[in-house]
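See structure below.
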Amino acid sequence: MITTMIFDLDGTLVQTERLKAISYARAAVMLRPELEETAVIAAFKEVVGLSRREVALGLMTRFGLMEAAQARMAEFGVAAPWQAYVQIRLQIYEAMLADPAVIRRNQWPHNMALLQAARHTCDHVALATMSYCPQVQRVLQILELEATFDFVASRDDVELGKPDPEIYHLVAHELGVAPAECLVIEDSPAGVQAALAAGMQVIAVSTPFTRQRLHESGLLPDNLIVDEPERVTAVAAAIVQETV
């Protein structure tokens, strides 16, 4: 029986993956002005859902940013070039998050509707995100979701990021439920892999950043990859009904 629904945040409830892609792209152009933002945004699709370090290193290698980022290390007081790149992009990203209108405009309405429905149909609703706590709290505050979740797990709470299942094991442990009782709503292959490895059921609601990789990953059958977001509530309801 499904008693618990767990949501990812970035790309699932809010289109923050798009905002993150833009911030990484603009930071890359600041380091190498000859780059095109569109090229970096396209490359971000290949690393979406991974840890901040993995995303930064992947893009730095792809676009030759290492030397330029290394030159900015002292400015930010960091020990590695990828950290300098991240600091530059965080300045851009946090400026976006500072505008509540940007966050509200970038909600995924059908996934948000499923979240509200889950409050009435499940015993527990949780959030499991690779974003860090200050950013998570900012988004939840703007969207008035602070009291919605029974437990919130962020990148600060785990040693290993998705696709490692640690964050999903943590949620199940804190809520006192078995993994088999959990239905996870994700958007990225890394998130899907993490939830499956934790022994949970998963629905992937694809986005322009994740659609192709989700279908190519072989992680889920096509009926559990929702490309038409208006179908997500019906797909989730069918899974819950099957487990009753």
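Structure notes:
- Residue list for the range 25-59, restricted to those being crowded, with 22+ Cβ neighbours inside 10 Å and not hydrophobic (A, V, I, L, M, F, W, C): Gly49
- With respect to the stated conditions, Val240 fails to be assigned to a helix (DSSP H, G or I) and farther than 16 Å from Ala118 by Cα.
- Residue that is surrounded by the fewest Cβ atoms within 10 Å (Cβ to Cβ), among those in the range 64-93 that are among the charged types (D, E, K, R) and under 24 Å from Glu36 (Cβ atoms): Glu67
- Being in the same structural domain as Val202 (by TED's automatic domain parsing), within 25 Å of Ser206 (Cα to Cα), aromatic (Phe, Trp, Tyr) and touching a strand residue (DSSP E or B) at 6+ places or on another chain (Cβ under 9 Å) is a condition met by no residue of the range 116-133.
- The residues on offer are Tyr132, Tyr168, and the sole one that is among the aromatic types (Phe, Trp, Tyr) and surrounded by fewer than 19 Cβ atoms within 10 Å (Cβ to Cβ) is Tyr132.
- Selection count where residues are under 18 Å from Thr121 (Cβ atoms), out of contact with any Ser or Thr (no Cβ under 8 Å at 6 or more places or on another chain) and buried (at least 18 other Cβ atoms within 10 Å of the Cβ), scope the range 172-186: 1
- The helices (runs of 4 or more DSSP H) located wholly in the range 1-74 that include 1 or more residues which are within 12 Å of the chain's Cα centre (by Cα) occupy 16-31, 52-63.
- Qualifying residue in the range 32-43 (condition: out of contact with any Phe, Trp or Tyr (no Cβ under 9 Å at 6 or more places or on another chain) and in contact (Cβ under 8 Å) with a residue 24 or more places away in the chain): no
- From the options Leu9, Leu65, residue that is in contact with a Leu (Cβ under 7 Å, 6 or more places away or on another chain), assigned by TED's automatic domain parsing to the domain that holds Asp156 and modelled with pLDDT of 95 or more: Leu9
- Within the range 219-237, being outside any loop (DSSP other than H, G, I, E, B), in contact with a strand residue (DSSP E or B) (Cβ under 7 Å, 6 or more places away or on another chain) and over 21 Å from Thr16 (Cα atoms) holds for Leu224, Val235, Ala236.
The values are calculated or read from the model by the stated rules, or taken from the named source; none is laboratory data. The structure displayed is predicted, hence computed values, not measured ones. Reconstructed Cβ throughout: ideal geometry from the backbone, glycine too, with neighbour counts over all protein chains shown.
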